[in-house]
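The values are calculated or read from the model by the stated rules, or taken from the named source; none is laboratory data. Note that this is a predicted model, so its numbers are computed, not measured. Virtual Cβ from ideal backbone geometry, glycine too; neighbours counted across all protein chains shown.
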Amino acid sequence: MIENQLHWRLDVAMREDDCRIRRDKAAENLAGIRHIAFNVLNSHKTFKACMKRKQKKAAMNTDYLSELLMAKGFS
């Protein structure tokens with residue numbers, strides 16, 4: 001049941017089922033990146049919003065993106 005809920009949340013938030021990448025291991029690699037991004041956005045609690053708004057803010061605001069990455073030790 002947990003795996004199904006995670007799949008549903010990834011599909012809704014990141015449109016995972018619409019991805020048509022089929023080459024070699026690219027689909028698996030991109031799925032791993034999506035999981036990491038989802039976990040980083042989900043664990044960040046200073047900006048309380050839905051996943052879509054957090055994604056959009058990270059895409060539009062480099063300061064917020066830096067804050068996300070630094071909070072998880074990625075930069």
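Things to note:
- Filtered residues of the stretch 41-75 (kept if in a loop (DSSP other than H, G, I, E, B) and of a type outside the set (Phe, Trp, Tyr)): His44, Lys45, Thr46, Lys48, Ala49, Cys50, Asn61, Lys72, Gly73, Ser75
- Residue tally, condition among the hydroxyl-bearing types (Ser, Thr, Tyr) and at pLDDT 90 or above, over the stretch 44-75: 3
- Looking across the stretch 7-32, the residues that are out of contact with any Asp or Glu (no Cβ under 8 Å at 6 or more places or on another chain), part of a helix (DSSP H, G or I), more than 20 Å from Arg53 (Cβ to Cβ) and not acidic (Asp, Glu) come down to Ala26, Ala27, Asn29, Leu30, Gly32.
- Phe74 without any contact (Cβ under 8 Å) to a residue 40 or more places away in the chain, aromatic (Phe, Trp, Tyr) and surrounded by fewer than 13 Cβ atoms within 10 Å (Cβ to Cβ): yes
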